[in-house]
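Here's the structure we're looking at; comments come further down.
Every number here is computed from the coordinates shown, using simple stated rules; none is lab data. Computed from a predicted structure; not experimentally measured. Cβ atoms come from the backbone with ideal geometry, glycine included; neighbour counts cover every protein chain shown.
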Amino acid sequence: MRLEDIPTPALVLDLGILKRNLAHMQAAVARHRDVVLRPHMKTAKSRAVAELAAPGHGPITVSTLAEARYFAEGGWRDQIYGVGITPQKLDAVAALNADGAAVKVITDDAEVAAAIAAHPGPIEALVEVDVGEGRGGVPPEAALEVARALGDRLAGIFTHAGHSYGGRSDAEMTAIAEVERAGAVAAAEALREAGLKVRIVSLGSSPTALHAAHLDGITEVRAGVYMFGDLFQAQLGTHAEADIAMTVLASVIGRKPARGALLLDAGALALSKDRSTEKAPHDYGFGKLLDIDGLPAFDGALVTRVHQEHGEAAPMPMLAVGAKLRIAPNHTCLTAAAHECYHVVDGGREVIAIWERVNFW
């Protein structure tokens with residue numbers, strides 16, 4: 001099968017680029033002694049990708065219970081479920097762990113921590129600490145209350161520097177990475193000084209993982225989007241634009257010469273409506289047009305509008321209806337979300353494999 005034969009819209013994953021991106025992150029983390037890479041599988045959601053990113057069933061991060069089950073059944077036992085847990089989900093985690101998994105959860109809430117401590121099943125938890133993102137987590141100095149409520153279920157500290165996505169230079173990324181590291185270590189040290197055991201000090205985002213000057217006091221790094229890359233991450237310096245491994249294959253379904261546009265069968269569901277590049281130095285609309293080989297083409301034309309199943313690309317030559325092209329995504333995590341599989345190529349048009357994904361929750 002070749003790309004020309006695939007019904008569209010469809011995800012295309014270039015194996016050679018994927019392997020290059022994985023090696024780049026592995027080398028970056030290997031600079032730091034005694035730090036483990038715990039890849040975040042929330043974007044890939046694929047065992048085939050995990051075999052490359054976490055070989056030998058190494059530690060991983062997940063974002064849904066569906067992922068946790070899917071990867072545990074595939075042999076990836078050591079997991080962190082990196083979304084704040086609710087008491088109602090503890091039975092499901094405990095059941096996975098009773099079957100041999102080691103899924104750890106996170107919380108920033110003392111009442112939830114108490115529920116974890118009281119649960120009869122085998123569950124460990126990390127205290128989520130906010131190091132500047134302003135999403136989940138308690139300030140480093142407030143981690144002790146949650147940790148004490150966990151008691152002997154405490155596994156460690158968990159942070160995520162999502163605000164690194166606002167950085168625009170290597171110096172800014174390095175500075176954010178140090179704030180993240182220092183906050184995680186300060187929280188861990190406060191817990192240890194209080195007599196608590198802290199086994200894991202976990203941080204991560206793709207930009208800070210790559211730009212951290214040092215990771216003293218950190219035991220592991222989590223990162224995920226680096227595997228596939230996207231137009232936004234390319235502008236953050238996570239990778240080069242040529243290293244975007246995942247694209248969307250689309251077909252021309254209409255020609256609008258009066259406005260120099262083509263209609264495509266990849267719209268909001270196939271691409272997402274994420275406009276992550278809108279505030280970046282270069283705005284790529286809803287994605288950048290590439291030729292069917294995934295190479296730059298069409299003078300940098302963009303997907304300028306999306307409806308549920310329609311995308312509009314401009315300015316474009318009037319290609320024939322049925323012609324196929326590819327779209328580099330703004331935010332690969334959300335673009336992949338509505339698709340059920342990857343059509344894997346290796347630098348050409350021949351589809352060498354189809355890799356499943358696990359979707360939903």
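A few points about this structure:
- Simple Cβ-charge dipole of the chain, Lys/Arg +1 and Asp/Glu -1, about Cα centre, in debye nearest 20: 480
- The stretch 16-228 - Debye-derived log10 I(q)/I(0), Cα point model, q = 0.10, 0.13 Å⁻¹: -0.39, -0.68
- Relative to the compact-globule estimate of 2.2 N^0.38 Å, the Cα radius of gyration of the stretch 77-193 comes out at 1.11.
- Computed over the chain, the quotient of the alpha carbon radius of gyration and 2.2 N^0.38 Å is 1.04.
- Convex hull volume of the C-alpha atoms in the stretch 6-89, normalised per residue: 134 Å³.
- Entry note, the chain: relative contact order of 20 percent, from Cα contacts under 8 Å with a spacing of 6+ residues.
- In degrees, nearest ten, helix 15-30 long axis to first principal axis of the chain (Cα): 30
- Look at Phe286, Phe360, Phe298, Phe228 and count the other Cβ atoms within 10 Å of each Cβ; fewest to most, that gives Phe360, Phe298, Phe286, Phe228.
- Pairs beyond 31 Å (Cα-Cα), from Lys42/Lys279; Lys42/Lys256; Lys45/Lys89: Lys42/Lys256
- The rule of thumb for compact globular proteins, 2.2 N^0.38 Å, goes into the C-alpha radius of gyration of the stretch 244-345 0.97 times.
- For the pair the stretch 295-333 and the stretch 115-163, the centres of their Cα atoms are 43 angstrom apart.
- Every Cα-Cα pair in the stretch 167-209 was counted, and those over 12 Å apart are 62% of them.
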